[in-house]
Amino acid sequence: MNNFIHQSQLGGLKFKSTTDAGIALTHIICSGWIKNSTTNTLAFDIIQFFLSLNYHFLICILQKVDLNSRVVNFFTDYLVGRKTNYTWNNLSSLTFEVNIGVGQGSALFSILSALYLSPFLYILENHLKNLNIFISIISFVDDGLFISQNKSIDISNSRLFYSHNIISKQVWSHC
């Protein structure tokens, strides 16, 4: 209703399915062909990121979206008392409680992750725009894609390189 979710976010949202992500990517590539430009992409997967979401920040986001306090209270209760473990190859840690995170595969994972990432995507988009780095962004639940089009592969690649550095610095500065 208030366009809080960034327009590049797809997956798990009403009218924003995997098919829609494919259509968006196909459209971007075909529009590049019309301009005689190459299309370069940088894909990233942030799945482990969601295991360590700060639920207090997420609750602030839900309040900012101006959800009913009963809905915000429901999500607060949903996020408290969670458990997790870490797995590396065949080794697994013991299960321990964490009061942060959004369980991947849970019914609310898609919408909560979309809400959590929205402010970040708006900030990133504005930052790149201010630096005159023109890329398209597609975010699909826990995967992302930066897309750069230019007649010069070197320019496209440098835009992707700068975008990656900017997103990396933003993520690490907030850890």
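Only the coordinates and a few stated rules stand behind these numbers; no lab work does. Just so we're clear, the structure is a prediction, and the values are computed from it rather than from any experiment.
Between residue 59 and residue 23, the contour length at 0.36 nm per residue exceeds the Cα-Cα span by 9.7 nm. Put simply, the amide H of residue 133, placed in the peptide plane, has no neighbours under 5 Å, leaving out anything fewer than 5 places away on its chain.
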